[in-house]
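Please treat every number below as a calculation from the coordinates, not as lab data. Quick caveat, the model's predicted, so the values are computed rather than measured. Cβ coordinates were reconstructed from backbone atoms using ideal geometry, including for glycine residues, and neighbour counts include every protein chain displayed.
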């Protein structure tokens, strides 16, 4: 039945899609009168040329691992969760409440508490659209988009009217106490003799993100629940026939998805800013879509794609700093990746399938 | 609140509802033909940029309008290619288009004008200027002193740009096209049951491309309105979620043209009130969060979608690529 061998499916198709996206991005840079090769060199230098650059690349990658995993888990149940952005914002609120109002004796306990609250807030924000999808048939894409806007308004309200310290002008919470300061990669790597940049924001959340990747892999491919999620995603009617409850799977998949998106906040809110500011998510929820598509919804793929996007993010910031290419270049690249690896997937796949079919006929 | 304030708010409602209306009708054509389009926002943004940029370069708003429509049509073509020809995921394609427009507009604006992602501000023939009806008063003080009927005539009916009247005309035209022509019947059929349309010997692909193209044209006009009529020039992210509010209005209107008019005007009213917190406070006697009004369309859409206030049933074949049986 499968026309293509597995390696082509897993490696070749995404690689060609990526190449197309890269060529078009290069053309875009050329069209605005800059040198794409020089731009790429600058990006590699800025993002990977020093531990400082790596620190930022890994910091961004941590965000994208969480949101990428969130989109992936929902994808496996054939649910498109565009609400990662809103769920991550609510996760930020959870982290802020955990850090500000509970006197943690040690950062490790604080981190655990923050993970629980961030996950819970994100999960609740995803559970409402999930419930409406499962029980009332409201389209989850539309409801999660609406919930992104509602989340932004909720956050705005909370920061301006409730959590802002008295006398402060900017809409942000107070600084978190020193006790919940997360160790940075510098602190972690120093005892084993690696001198990692002190200024970079990468922190212990990276390890949490990697653990999350492993756990999601175990969940999806090694548990009964993961099997049910995948079965439901492949064929709703077959899953129903096998006694799998659509309501249960929709709810659980979205709750896990929302919790993962919410947990992103331990990195950007607790690890980096150490207070909750407006627009703390910076679109990471949406980049999760590109990361999940590029990583083919597999945790290993998500891990690699997240690091690539971390590189793009940090490299793009360097470009904006040193050349006249604005930061928005990353948004364009992100759009092209989503377009080619997601929407135009068949454009790459159809001719490849024809080639493999022809090869097979010759072989017989 | 006096009568004139009411008229002023309604006037602002009209101005703010027009881009929503055009985008909503654009989505209506696309979704009635079975193509989901969450890329309305991106198409509007691209059109807003190109119409302002070309109008500023050529000095003619009409050439700008054409450029805006062309940009929007190009993105429609990408959406059609992805979702019709290559049978890809229409939602993912829409997401990609939104980001493409958000990034490219700033990138090109910076490259062409070097003003931090905006175009030079437009004036004179580079804009769609207000059309004053014969005998209408033009200054605020004059209108304020006039009789209520004259106030309605001068402030509410007269003094809008051409595109406002065009957009209002689009509503009956859409209704007529969808419900009174053969093309409209086929277009609605292709969104409900494409196989039946195919059996009748009518091209599903052709009809869907036609619908997506109409969607592109309407989004193009909506975008041009934003940057050349509502405001004088393009600024980064100026569509500001209007494409999504239009999407919300489309669901609210249950995919019907006249109801689209009502829904977009209701949402336009929310936006107008958001700008006048003083009026709300005076009328209901307490302070209302501005953000709450801004968020109301989204909350209402969720409630409608949940089926608590009537059920919104989308076109049956929406979002499904059509595969001809072989």
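Taking Cα atoms only, the orientation of helix B:90-113 departs from the longest principal axis of chain B by about 50 degrees.
Each principal axis of the Cα atoms in segment B:231-293 has its own extent, and those three values, largest first, are 36, 30, 18 angstrom.
Once the chain from residue A:168 to residue A:15 is taken as fully extended at 0.36 nm per residue, the excess over their C-alpha distance is 50.1 nm. The stretch between residue B:114 and residue B:139, if pulled fully straight at 0.36 nm per residue, gains 5.4 nm over its current Cα-Cα span.
What angle, in degrees between 0 and 90 and rounded to the nearest 10, separates the Cα long axis of helix B:61-80 from the longest principal axis of the Cα atoms of chain B? Approximately 30 degrees, to the nearest ten.
Placing one equal scatterer on every Cα of chain A and applying the Debye formula, the log10 ratio I(q)/I(0) at q = 0.11 Å⁻¹ is -0.79. Taking other C-beta atoms within 10 Å as the exposure proxy, B:66, B:169 rank B:169, B:66 from fewest upward. Please work out the C-alpha center-to-center distance from segment A:321-358 to segment B:137-156 and express it in whole Å. So the separation of the two Cα centres works out to 55 Å. Given in Å, the Rg to one decimal and the Dmax to the nearest whole number for the Cα atoms of the protein assembly as shown are 25.8, 91. Averaging Cα coordinates gives a centre for segment B:1-28 and one for segment B:34-73; these two points are 21 Å apart. Take each residue of peptide B:3-10, count the partner chain Cβ atoms within 10 Å of its Cβ, and average: the result is 0.
For the residues A:165, A:129, A:299, a GNM of chain A with alpha-carbon springs under 10 Å puts the largest fluctuation on A:165.
Look at the alpha carbon pairs under 8 Å that are at least 6 residues apart: their mean separation over the length of segment A:272-364 gives a relative contact order of 23 percent. Using square roots of five times the C-alpha gyration tensor eigenvalues, list the equivalent-ellipsoid semi-axes of segment A:96-236 in whole Å, biggest first. Result for segment A:96-236: semi-axes of 33, 26, 13 Å.
With R₀ fixed at 22 Å, the C-beta to C-beta distance from residue B:58 to residue A:346 puts the FRET efficiency at about 0.05. Note on A:28-38: average number of Cβ atoms from other chains within 10 Å of each residue's Cβ is 2.
Shown is the FRET efficiency for residue A:189 and residue A:215, computed with R0 = 30 Å from the Cβ-Cβ distance and rounded to the nearest 0.05: 0.80. If you average the alpha carbon positions of segment A:171-187 and of segment A:60-103, how far apart do those two centres end up, in angstrom? Between the Cα centres of segment A:171-187 and segment A:60-103 lies a distance of 19 Å. Taking the number of Cβ atoms within 10 Å of each Cβ as an exposure proxy, the fewest-first ranking of B:3, A:80 is B:3, A:80.
With neighbour counts taken as other beta-carbon atoms within 10 Å, the residues B:32, A:360 rank, fewest first, as A:360, B:32.
Per-residue shielding of B:76-87, expressed as the average number of other chain Cβ atoms within 10 Å of the residue Cβ, stands at 3. Multiplying the residue separation of residue A:234 and residue A:247 by 0.36 nm and subtracting their alpha-carbon distance yields 3.1 nm.
Average 1/r across all pairs of distinct alpha carbons in chain B, invert it, and you get the Kirkwood radius: 20.5 Å. Counting only alpha carbon atoms, the long axis of helix B:204-225 and the longest principal axis of chain B meet at about 20°. With the simple model of a label 7 Å out from the Cα in the direction of the Cβ, residue A:38 to residue B:287 spans 5.3 nm.
For segment B:76-229, the gyration tensor built on C-alpha atoms gives an oblate shape. Its axis ratio a/c (a ≥ b ≥ c) is at least 1.5, and a/b is not larger than b/c.
Across segment A:47-142, the mean sequence separation of Cα contacts (distance under 8 Å, 6 or more residues apart), normalised by length, yields a relative contact order of 25 percent.
Each Cα pair under 8 Å and six or more residues apart adds its separation to the average, and for chain B the resulting relative contact order is 34 percent. Overall shape: oblate for segment A:239-364, with the ratio a/c of the largest to smallest alpha carbon gyration tensor axis at 1.5 or above and b/c at least equal to a/b.
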